[in-house]
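Trainee: The structure that follows is given in the form of structure tokens.
The values are calculated or read from the model by the stated rules, or taken from the named source; none is laboratory data. Keep in mind that what you see is a predicted model, and the values were worked out from it rather than measured. Glycine also receives a Cβ, built like all others from the backbone with ideal geometry; neighbour counts cover every protein chain displayed. We work out accessible area using only protein heavy atoms, side chains counted, and drop any ligands, DNA or RNA first. Shrake-Rupley method; radii C 1.70, N 1.55, O 1.52, S 1.80 Å.
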Amino acid sequence: QVQLVESGGGLVQAGGSLRLSCVASGGTFSEYVMGWFRQAPGKEREFVASTSFNGGARSYADSVKGRFTVFRDNAKNTVYLQIGDLKPDDTAVYYCAAARATYYHADLYSSSARFEYWGQGTQVTVSS
């Protein structure tokens with residue numbers, strides 16, 4: 001089984017930046033598609049970003065394109081989410097997820113159902 005631990009959340013003013021980290025253990029990291037999802041209070045969990053096995057392919061939700069960057073360091077078993085120009089609507093618990101796969105298909109990995117392993121989440125709060 002794969003264990004995922006997120007960190008890096010916090011309270012930040014609108015327009016600020018954060019970098020979230022997710023450290024994986026218990027598997028071969030390069031064999032997993034990695035994703036980020038978020039869930040705001042009273043809302044369903046939504047897709048944020050995903051990245052292929054070596055980080056060469058990436059996908060983003062329309063709401064975060066141009067502001068968020070997902071990247072991974074396989075030597076450190078870590079995937080990151082760099083968040084810029086934060087908006088109050090970005091306030092949510094951010095979750096890291098892993099999917100064992102052979103090929104990366106961006107459309108498929110925008111669905112939470114494709115991911116078998118999940119972290120506990122890290123809170124991002126953006127003030128106006």
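Trainee: Anything in the stretch 28-46 that is touching a strand residue (DSSP E or B) at 6+ places or on another chain (Cβ under 7 Å) and either open to solvent by 50 Å² or more (accessible area, probe 1.4 Å) or of a type in the set (A, V, I, L, M, F, W, C) (or both)? List them, or say none.
Mentor: E31, V33, M34, W36, F37, Q39, A40, R45, E46 - these are the residues of the stretch 28-46 that are touching a strand residue (DSSP E or B) at 6+ places or on another chain (Cβ under 7 Å) and either open to solvent by 50 Å² or more (accessible area, probe 1.4 Å) or of a type in the set (A, V, I, L, M, F, W, C) (or both).
Trainee: Let me ask you something else. Are any residues in the stretch 64-73 more than 14 Å from R38 (Cβ to Cβ) and crowded, with 16+ Cβ neighbours inside 10 Å, and if so, which ones?
Mentor: Result: T69, R72.
Trainee: Something else: With respect to D85, determine if the residue is among the acidic types (D, E) and surrounded by 15 or more Cβ atoms within 10 Å (Cβ to Cβ).
Mentor: Criteria not met by D85.
Trainee: Find the strands (runs of 3 or more DSSP E) located wholly in the stretch 1-109 whose residues include 3 or more that are in contact (Cβ under 8 Å) with a residue 40 or more places away in the chain, and list them.
Mentor: Passing ranges, in order: 3-7, 10-13, 18-25, 32-39, 46-51, 78-83, 92-100.
Trainee: If the requirement is being surrounded by fewer than 15 Cβ atoms within 10 Å (Cβ to Cβ) and either closer than 17 Å to L20 by Cα or touching a strand residue (DSSP E or B) at 6+ places or on another chain (Cβ under 8 Å) (or both), which of these qualifies: A61, A57, A98, A49?
Mentor: A57
Trainee: Which residues, counting only those in the stretch 1-27, are surrounded by fewer than 12 Cβ atoms within 10 Å (Cβ to Cβ) and of a type outside the set (G, A, S)?
Mentor: Of everything in the stretch 1-27, those that are surrounded by fewer than 12 Cβ atoms within 10 Å (Cβ to Cβ) and of a type outside the set (G, A, S) turn out to be Q1, Q13.
Trainee: Just for the stretch 27-63: of the residues that are closer than 18 Å to L108 by Cα and aliphatic (A, V, I, L, M), which one is farthest from the chain's Cα centre (by Cα)?
Mentor: The qualifying residue farthest from the chain's Cα centre (by Cα) is A57.
Residue by residue, here is whether (1) charged (D, E, K, R); (2) modelled with pLDDT of 95 or more; (3) in contact with a Leu (Cβ under 9 Å, 6 or more places away or on another chain) holds:
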position	(1), (2), (3)
E44	yes, yes, no
A49	no, yes, yes
F53	no, yes, no
Y60	no, yes, no
D73	yes, yes, no
N77	no, yes, no
